[in-house]
Every structure is written in structure tokens, then in C-alpha cells.
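Shown next, in C-alpha cells, is the structure this report addresses.
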Amino acid sequence: MTDTSSIAPAPVGLDDGYAYTKVALADGRMVAIPSRARVGSSGVTWVHRGQQRIFEYETEEILYSVGAVDGAPTHFEGYPASGLNRVIVQHALQEAGLAGRSVHAVSGLPASTFYRKNGEQRRKPIEQKRNSLKLPVNPIGDRLSAAIAFHEVIPEALAAWYDHVIVEQDGKALLDESRLSVPIAIVDIGGRTTDFVVVKDQGILHGSSGSLQCGMLDVKQIVANGIQERFDLESLGEQLVAHAVEFKVVRLHGKDYDVGALVESAKQQVVERIRDETRRQLGLGVELDRILFVGGGTVALAEHITNWFPHQTIAEHPAFANARGMLKYLRYVCEASDAA
């Protein structure tokens, strides 16, 4: 067994969303897994261990299965500080090759969970999440745990702003003054929420910032309801619905059915809600230098959100913008004494 006691902690940007959990690492690697887990054992014996797709973890004496399972819903209020979240994060760290390592991490919360409308921090949910991910999670089997020794929490969409203004060159971090000095809006389309953060003069304008409880999980729910109605089904597996949304085909009783029209209709319903709220929050954006779209939902809905504003852009690899920003915040903004 390799001695990891003398290895420096691994810095990690951790965007543990309701639909996907993304990890950004200092060596430039980015890892994403579905936020998919449930309580209980997998009930599967793998014929070939190399093909294993479900993994078991224990935290606070509760056993969870993570991976290719029909996952329990993540869109509930306590998810960010739950055991379900904790085991999914552990599995993402395992997939990133951090087994047996000490980890320093920055993660996030939706803007409306992090801040009150007057700008005051909501300290209870912040502390709950900060402390939750430090609790032990033990992989079942011969794998070692990745232990989070330091954990800070920031607003999710603000993380994308850090990614935007902190530029890494030749191993050094530089603040891009041309980006730092102008007002910008971040629109972060995620799984459960769409976040809006407006930053001007390095301050958050809370009157134009907040969260809409709408995202890609709503698309999945609309599609699931439509499939159940069309085929007169009482229930559907979560993985089957996810496949239907991604590939616009559902396989039932050994036969493929085209559900492309249903998927497009679901996306359009969600897009309309997000567009209306974006207009309410940002107006026409005339005083903003740029409107930057990020998040996994931006990838899935890219063709539906074009031309909302003449000065809008989509971040590079938008699904990882928050994770990259969280890593930059950890490495260049957090005080060294905090991470010691």
C-alpha cells in the first residue's frame, strides 16, 4: 500500500449539483458523474470486477449505492448537507483518482440559499454544508477514502465569475483587469436551479441576483410524466428517463420509441420559464458589459438560449465553469491560514 501521509493535500473545485457532480483538479483534469445514488446495497455481484458500475459507501452508519442505479431524487431542500450528497461527492473524488488522499475543497450553494435578499449570508445552510462534507465516508471493499480536511463554500454562480476574471498563465494567476473592471451578469442553468449573479466594481448587486427553482431536472420530470401518460405506465426508472432526455428515444419491452417531440416540448417549457425570469432579473442588460451563461443546462439548452441578449456569451466548457472557479478561489483567494 502506498504511503500517502507525506503527500500534500489535493486542491479540488467541487460543483456538487443536483443533476451532475463536477470536479476540477489542479492538473487541468475535469471529472463529471451523474448525481445518482440511493440508500441500500446494490444487490449486484459483478462477474468481471473491471466492469463494475455500482459502488457502495457508508456514512453515519447508512449504506448507499452510487453509480448505475435508479437514483433517489436529489431535488429536496436538505440535499447539500445530506448523506446522499456526501456519498456522491466521495464517488466523484474516487473517479478523479483521489482515493487515500487528503483533499482541500471549495464547493457552492445556489445564490438564494447562500444570501438573503438584503445581502446577508444565510449562515446555517452554509455551515451545515461546510461541515457535512468533512464527515467520514467509507468505501465498501478495499478502496481507501478521500478525506476532505478543508472545505469552504461560496455562491455557485459567483464561482463562475472567479473563473472568468482569474486567468492562469504559465502556472501563475493573473487578474484580467478588462474583465474585473466592468459589470457582468452570470446566468447559471443547473439541475434544480437557475442562478443569477450580477457583479459590478467587485460587488454583488443583490437586487439583480437570485435563484429560480427551475433547471434540467424539470425537463426530466416533464419527459417522465409524458412517457408514463403515453404508455400508461405507473412508474419509470430514473436512468431510463435520463437516457430518453439525452437520446430522445425510450426503450420499453425491447423496442425503441421516438420521444424527440416530447423532449423538445419539455425543454421549451423550461426555457420559457428561465427566459422570463432572466428578463425580470436583468431587463435588457443595457448597463452590463457581458452576460455569461454557464452550467450544465447551458450545454443542454444551448440552441434554445441564443440571441437573448446582443452581448451574451457562453463560457468555455460551461458545465465546468463553477468547478474551475471554485478551484481558482481555493488556490488564489482563500488565505493560506484558512487552508492550513
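Quick rundown of the values:
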| quantity | calculated |
| --- | --- |
| Percentage relative contact order, the chain, counting C-alpha pairs under 8 Å, at least six apart | 19 percent |
| Estimated distance in nm for a label pair at Gln169 and Ala8, the labels positioned 7 Å out from Cα along Cα-to-Cβ | 2.3 nm |
| Spatial separation of Cα centroids for segment 149-191 and segment 255-320, in angstrom | 20 Å |
| Low-density loop positions, GluC sites (Glu not before Pro), segment 277-340 - DSSP coil, at most 13 other Cβ in 10 Å | Glu287, Glu316, Glu335 |
| FRET efficiency for Val39 and Asn118, using Cβ-Cβ distance with R0 set to 25 Å, rounded to 0.05 | 0.10 |
| Relative contact order for segment 170-271, counting Cα pairs under 8 Å that sit 6 or more residues apart, in percent | 18 percent |
| Candidates Val167, Val12, Val199: whichever shows maximal mean-square fluctuation once the chain is modelled as a Gaussian network with Cα springs under 10 Å | Val167 |
| Low-density loop positions, GluC sites (Glu not before Pro), segment 154-194 - DSSP coil, at most 14 other Cβ in 10 Å | none |
| Cα-projected label distance for Ser181 with Ala26, points at 7 Å along beta-carbon direction, nm | 3.3 nm |
| Distance between modelled label sites at Lys248 and Arg280, nm, 7 Å Cα→Cβ extension | 3.1 nm |
| The chain - mean residue ellipticity at 222 nm from DSSP helices (-39,500 (n - 2.57) per run, n ≥ 4, rounded to 500) | -9500 deg cm²/dmol |
| FRET efficiency, 1/(1 + (r/R0)^6) with R0 30 Å, evaluated for Glu272 and Glu234 via beta carbons | 0.55 |
| Whether the chain is rounded, prolate or oblate, judged on the alpha carbon gyration tensor where a/c under 1.5 counts as rounded | oblate |
| Loop-located trypsin sites (Lys or Arg not before Pro) in segment 243-295, at most 16 other Cβ atoms within 10 Å (DSSP) | Lys248 |
| Positive-end extreme of charge dipole, the chain - chosen from Val241, Thr74, Leu284 (charges on Cβ) | Thr74 |
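None of the figures in this text is laboratory data; all of them are computed from the coordinates on show. Please read all numbers here as calculations on a predicted model, not as lab measurements. Glycine gets a Cβ as well: all are built from the backbone with ideal geometry, and neighbour counts include every protein chain shown.
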